[in-house]
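Note sheet for the following structure.
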Amino acid sequence: MRYWLMKSEPSTWSWQDQLDRGAAGEEWDGVRNYQAANNMKAMEIGDLAFFYHSVNEKQIVGIAEICALYHPDPTDASGRFGMVTIRAVKTMTVPVTLAQIKDDERLADMALVRQSRLSVTPVSPEQWAMIMEMGKTSL
């Protein structure tokens, strides 16, 4: 299993929107960055992702599961980009902020810190465990 972080502007698609989709999940469309798209291509069913509210909130608020592999994104007229489908698994007990992550030197190499504009990034198992601990969350 691999771990990921997926960013969304809460005014566009929030964690509550994701929760409301239930077991059906939601397609993660609109990604137009090749590196983020390549990260989604590497995802496997059952992989877990932190759901990160970007822009004003800048915090990890939930955990989602990949439930459909990379497939064409109908919102992309060029046909170059695709998407995965994710479903909500659990709300973080305590949201973990970007400031908290940046303050922890053990997370300095995290892609969220190093590549702050990238919307879909990998998370190492060690980083996952640290953030789960920071968020007082277990699965």
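Tabulated results
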{"read-out": "Residues of region 103-128 classified as more than 18 Å from ASN56 (Cα to Cα) and in a loop (DSSP other than H, G, I, E, B), total", "value": "5"}
{"read-out": "Contacts under 6 angstrom Cβ, first residue in region 28-47 being buried (at least 18 other Cβ atoms within 10 Å of the Cβ), partner part of a helix (DSSP H, G or I), 6 or more apart", "value": "VAL31/ALA37"}
{"read-out": "Residues (exposed (fewer than 13 other Cβ atoms within 10 Å of the Cβ) and either touching a Cys at 6+ places or on another chain (Cβ under 6 Å) or touching a residue at least 60 places away in the same chain (Cβ under 8 Å) (or both)) located in region 12-27", "value": "GLY22, ALA23, ALA24"}
{"read-out": "Test: GLU9 is within 12 Å of the chain's Cα centre (by Cα) and open to solvent by 70 Å² or more (accessible area, probe 1.4 Å)", "value": "yes"}
{"read-out": "Subset of region 55-64 that is surrounded by 12 or more Cβ atoms within 10 Å (Cβ to Cβ) and in contact (Cβ under 8 Å) with a residue 40 or more places away in the chain - its residue that is farthest from the chain's Cα centre (by Cα)", "value": "GLU57"}
{"read-out": "Search result, residues across region 82-107 that are touching a helix residue (DSSP H, G or I) at 6+ places or on another chain (Cβ under 8 Å) and within 17 Å of GLN127 (Cα to Cα)", "value": "VAL94, VAL96, LEU98, GLN100, ILE101, LYS102, ASP104, ARG106, LEU107"}
{"read-out": "Failed condition for TYR52, given (1) among the hydroxyl-bearing types (Ser, Thr, Tyr); (2) touching a Lys or Arg at 6+ places or on another chain (Cβ under 7 Å); (3) surrounded by fewer than 22 Cβ atoms within 10 Å (Cβ to Cβ)", "value": "(3)"}
{"read-out": "Residue in region 72-93 that is open to solvent by less than 50 Å² (accessible area, probe 1.4 Å), more than 18 Å from ASN39 (Cβ to Cβ) and either at pLDDT 95 or above or not charged (D, E, K, R) (or both) present", "value": "yes"}
{"read-out": "Set LEU112, LEU98, LEU69, LEU107: member being modelled with pLDDT of 95 or more, on the phi < 0 side of the Ramachandran plot and surrounded by 21 or more Cβ atoms within 10 Å (Cβ to Cβ)", "value": "LEU112"}
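Listed here are the residues, each with its yes/no results for (1) part of a helix (DSSP H, G or I); (2) closer than 15 Å to GLY135 by Cα.
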site	(1), (2)
GLY30	no, no
ALA49	no, yes
ILE60	no, yes
THR75	no, no
SER78	no, no
THR85	no, no
VAL94	no, yes
ILE101	yes, yes
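The values are calculated or read from the model by the stated rules, or taken from the named source; none is laboratory data. Just so it is clear, the model here is predicted, and its values are computed rather than measured. All Cβ positions, glycine included, derive from the backbone under ideal geometry; neighbour counts span all protein chains shown. Surface accessibility is based on the protein's heavy atoms, side chains included, excluding ligands, DNA and RNA. Shrake-Rupley method; radii C 1.70, N 1.55, O 1.52, S 1.80 Å.
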